[in-house]
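A.B. asks: Right, I'll just put the structure down here and ask away after.
The values are calculated or read from the model by the stated rules, or taken from the named source; none is laboratory data. These figures come from a predicted structure and were not determined experimentally. Cβ placement follows ideal geometry from the backbone for every residue including glycine, while neighbour counts extend to all protein chains displayed. Remember, those area values only see protein heavy atoms, side chains included, never the ligands or the DNA or RNA. Shrake-Rupley method; radii C 1.70, N 1.55, O 1.52, S 1.80 Å.
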Amino acid sequence: MKILKFGGSSASTPERIKSIIEIVKPNLKEDVAIVFSAFGGVTDQLINLSKLALEGNLDYKQKLEQLEKRHLDAVRELTQVSTQSGILAQVKVQINELEDVLHGIFLVKERTPRTLDYIMSFGERLSAYIISEAFKDKGLAVEYLDARKVIRTDNQFGYAKVDFETTHKLIRDHFKNHADVQIITGFIATSESGETTTLGRSGSDYTAAIFAGALQASTLEIWTDVDGMMTADPRLVKKSFTVPKMSYEEAMELSHFGAKVIFPSTMQPAMANRIPIWIKNTFNPKAVGTVISADSVNGKLIKGISSMNNISLLNVQGSGLLGVVGVSMRLFSTLAREKVNVILISQASSEHSICIAIETDSAARAKASLEKEFLHEIQDELIDEIKVVQGLSIVAVVGDGMKHHPGTSGRMFSALGKNGVNVVAIAQGSSERNISTVIQQSDVSKALNVLHDAFFLSDIKTTYVFLVGTGLIGSTLINQVKEQFQKLSSHNKLEIKLAGIANSKKMLFDENGLQLESCVAQMKEHGEVMNLKEFVRKMIYLNLPSSVFVDCTSSADVAANYEEVLSANISIVTPNKKANSGAYENYQRLKQIALARGVRFLYETNVGAGLPVINTLNDLLLSGDKVIRIEGVLSGTLNFIFSSFTKGKNFSDVVAEAKAKGYTEPDPRDDLSGMDVARKILILAREAGAVLELSDIEVENLVPENCRGEMSADAFLAKIKDHDAHFEKLRAHAEAKDKKLRYQAIFENGKASVKLGTVASSHPFYSLSGSDNIILLTTERYHDRPMVIRGPGAGAEVTAAGVFADIIRIGNYSH
């Protein structure tokens, strides 16, 4: 014997019912019985009809007509005209009966649980009857069975308890006397006194399991709208997939914590009789599905991750709990009297506190009842005020493979911690099958995704990038990510998704990842007006795991948001020097926030573009080395100017050439002022441990006095010609001594300066050419021969590459 059950979503339209008939046909060669739920959405409609009638709202009549039309239309579409009259008449009889009950509620303004159960029963009675007639119309030998004839319960309306002994006998007797395939109403039953009852949440699944247990079925198939039990909720975790095998206990744990494919009550009769339960998809009948049985070994550490929202935490604590026998009994007895379901319990070994998780709807009632129960202890200050924390969720990791397997909880909490998900409470049973955590409800999606990656896709890591600035560096970065995407995914198991992008005018978001080939064009065409505060707010609201804010601007306004970004557990990568060269207090605060939040604040490209300067310096310091002196040529622009400024060339012409080649800022005075170099040496000095402000640095401004102030770049280039003789004198003087001019930054003995100087042919700076940078690090270990770091110090390609490398570091760190 095989029992099949089809849910409301599977039987939502006549077209779906026709497909069910095709699914069932091959099974009719063997003993089979089929259980049906009400048509999709009908049970909720029936409850709403009764609610409107109770409120005295005559709209219930119009909605009843709509319900009647839906069922009559189904009859007309599923059966031939020659047989319809009798079927339509029977449906109208039931609708008239329903109308009479609703009218009674409307008149007396009362709706008891008994009446509501009776009203809800019409959904399954109508659907199973119509579907049975549709089967007969196809020439199939079936018989309609109202489950109220054979399932006996108590009179606990709304969630009746089954009398299994009587029910099993009635079911077996019925099947002995009826050879045709039975089309059975789900959800409904009859009390000992003959009144209609319902079996509670997922009652139709339970009905199917009851029949399976009574008839010792070989298989129970639950046909629904998903391919089986998933590793996580596919609406929240896009990478979730079907679990082929699962134990009864694993499925029970997952269903308890929110996996709504199957419910615990369904599994109890099947589990008691060791009947395999198959979860199949009506919309994809060829899918293998999930089998739930006693044998579920497939080598996986865990089978699924589920969550339950709208949870509140009650905390009972105080010295009066320590060593006092009976406190827990009083607590749970009180909650039981109030019919408050306790979902999770967590108690420290100190016995100082008991923490329980309950549904938020019950929180106020639970708190009031406990305050009454422990009134004297609270008054005597033996127990503190009972606190309720709302806005929480439970996330549970479930799997038989966790038994005696070290490191599971470590992997779980590491993944949550690195992504800024705070764990409020923890519970784990001695079975080691379930680790449950209570977290903020706003973090559920992020938690599910990071845990899913950690346990099911541990070899694939996803990092979500939010990019501000799509100029030369930003656009180059996008191209580099696009070109390396496949290699990163296949070789490094890292996926970088661009979840947000913005320039000074527009911004665009897509939490599933923007198309790298067209994201800038899409932003310009379809993006909303850029608002920096709104960009940050939306990024924080999306709360994606392993998020990175990438600032490819030189804006102080963007840098001003770093504190908020880091505080929201989002890492930052930036070539923007404004934050780290601003007030020392702010520089320190950003680093402290990043450390406290467990996120990264990376700015390798602040100095030397893509050169490994800051990382190298930090590695030396972390390993115990001490910095004695830092000197460098830190401006690719100024190095190009002074390495190109040779005999026979005018200084003004070299500056103009540098501007024409794109080496300078739009106004070359921004480079010649030396402030950019000052910011860089300030950052290096701070990394080395110096407490310095930008104003502490001695800066030689190469812009002549009469070239400063307001004037255009062209006017400046014309004006500086007047100073060619001055610069030629400096060059010639250096050349006469076989030296060259270099604009140098020096940090030593706690002081920093940037100025134009000369270097001899023996100095590493002497041979520097083009737009290269060079840094000499003199430390206790590298004392006689300083460490030299040299290479391109400017350009979009190398700067973007440095930013890209920092993003990859964070991607590897966050998982």
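A.B. asks: Please report the orientation-averaged projected area of the stretch 485-555, defined via the convex hull of its C-alpha atoms, in nm².
C.D. replies: Hull-based average projected area comes out at 5.4 nm².
A.B. asks: Roughly how many whole Å is it from the C-alpha centroid of the stretch 544-616 to that of the stretch 218-252?
C.D. replies: Here the answer is 42 Å between Cα centres.
A.B. asks: Could you work out, for the stretch 548-688, what percent of all Cα-Cα pairs fall into each 5 Å distance bin, beginning at 0 Å and stopping at the bin that holds the largest distance?
C.D. replies: Using 5 Å bins, I get a P(r) of 2, 9, 17, 19, 18, 13, 10, 7, 4, 2, 1, 0 for the stretch 548-688.
A.B. asks: Taking the square root of 5 times each eigenvalue of the Cα gyration tensor, what semi-axes in Å does the equivalent ellipsoid of the stretch 744-810 have, largest first?
C.D. replies: 25, 17, 13
A.B. asks: Given q = 0.08, 0.09 Å⁻¹, what are the Debye log10 I(q)/I(0) values for the chain, with equal point scatterers placed on the Cα positions and solvent ignored?
C.D. replies: So the normalised log intensities are -0.85, -0.97.
A.B. asks: Now for a different question. In whole Å, how far is the Cα centre of the stretch 796-813 from that of the stretch 15-53?
C.D. replies: 55 Å
A.B. asks: Looking at the stretch 416-511, which trypsin sites (Lys or Arg not before Pro) are in a loop (DSSP not H, G, I, E or B) and have at most 11 other Cβ atoms within 10 Å?
C.D. replies: Filter output for the stretch 416-511: LYS505.
A.B. asks: Something else: If we sort 15-23, 618-626 on the protection proxy, mean other Cβ atoms within 10 Å, highest first, what's the order?
C.D. replies: In descending order of packing, they fall as 15-23, 618-626.
A.B. asks: Further question on the same structure: What share of Cα pairs, in percent, lie more than 23 angstrom apart in the stretch 63-149?
C.D. replies: 28 percent
A.B. asks: I want to check the label-to-label distance for TYR541 and GLU338. Put each point 7 Å from Cα in the C-beta direction and report it in nm to one decimal.
C.D. replies: Roughly 3.5 nm, to one decimal.
A.B. asks: Could you give the C-alpha radius of gyration of the stretch 247-400 expressed as a fraction of 2.2 N^0.38 Å, taking N as the number of residues it contains?
C.D. replies: 1.32
A.B. asks: Still on this structure: Would you mind putting 702-712, 128-138 in packing order, based on average other-beta-carbon counts within 10 Å, highest first?
C.D. replies: 128-138, 702-712
A.B. asks: Checking a compactness column here: for the stretch 663-815, what do you get for Rg(Cα) / (2.2 N^0.38 Å), N being the number of residues?
C.D. replies: Against the empirical 2.2 N^0.38 Å value, I get 1.21 for the stretch 663-815.
A.B. asks: Continuing with this model, one more query. Can you give me the convex hull volume of the Cα atoms of the stretch 95-187, divided per residue and expressed in Å³?
C.D. replies: 90 Å³
A.B. asks: A further question on this structure: Rg to Rh ratio, the stretch 1-140, alpha-carbon atoms and Kirkwood radius?
C.D. replies: Ratio of gyration radius to Kirkwood radius for the stretch 1-140: 1.02.
A.B. asks: What's the extension gain from LEU532 to ILE21 if we count 0.36 nm per residue and subtract their Cα-Cα distance?
C.D. replies: 178.3 nm is the gain from fully extending LEU532 to ILE21.
A.B. asks: Given the whole protein assembly as supplied and a 1.4 Å probe, what does the accessible area of ASP180 come to in Å², nearest 10?
C.D. replies: Approximately 70 Å² for this residue.
A.B. asks: With only Lys, Arg, Asp and Glu charged, each at its Cβ (+1 for the first two, -1 for the last two), find how big the charge dipole of the chain is about the Cα centre; round to the nearest 20 debye.
C.D. replies: Dipole magnitude for the chain comes out near 1300 debye.
A.B. asks: Same structure, new question: Expressed as an acute angle from 0 to 90° and rounded to the nearest 10, what is the orientation of the C-alpha long axis of helix 532-542 relative to the principal long axis of the chain?
C.D. replies: The angle comes out at about 40 degrees.
A.B. asks: With contacts defined as alpha carbon pairs under 8 Å and 6 or more residues apart, what's the relative contact order of the stretch 155-219 in percent?
C.D. replies: After rounding, I find 41 percent.
A.B. asks: Run through every distinct alpha carbon pair of the stretch 339-497 and return the Kirkwood hydrodynamic radius in angstroms, one decimal place.
C.D. replies: About 19.2 Å for the stretch 339-497.
A.B. asks: By per-residue mean of other Cβ atoms within 10 Å, what is the highest-first order of 672-678, 723-729, 155-161?
C.D. replies: 672-678, 155-161, 723-729
A.B. asks: If I stretch the segment between ARG411 and LYS505 completely, what's the gain in nm (0.36 nm per residue apart, minus their alpha carbon distance), one decimal?
C.D. replies: Result: 29.6 nm gained on full extension.
A.B. asks: If you don't mind, there's one more thing I want to ask. I need to check one value: relative contact order of the chain, counting alpha carbon pairs closer than 8 Å and at least 6 residues apart, in percent.
C.D. replies: That works out to 8 percent.
A.B. asks: As a test of the formula, what do you get for the chain when each DSSP H run with n ≥ 4 contributes -39,500 (n - 2.57) and the sum is divided by the residue count, at 222 nm and rounded to the nearest 500 deg cm²/dmol?
C.D. replies: Computed mean residue ellipticity for the chain: -13000 deg cm²/dmol.
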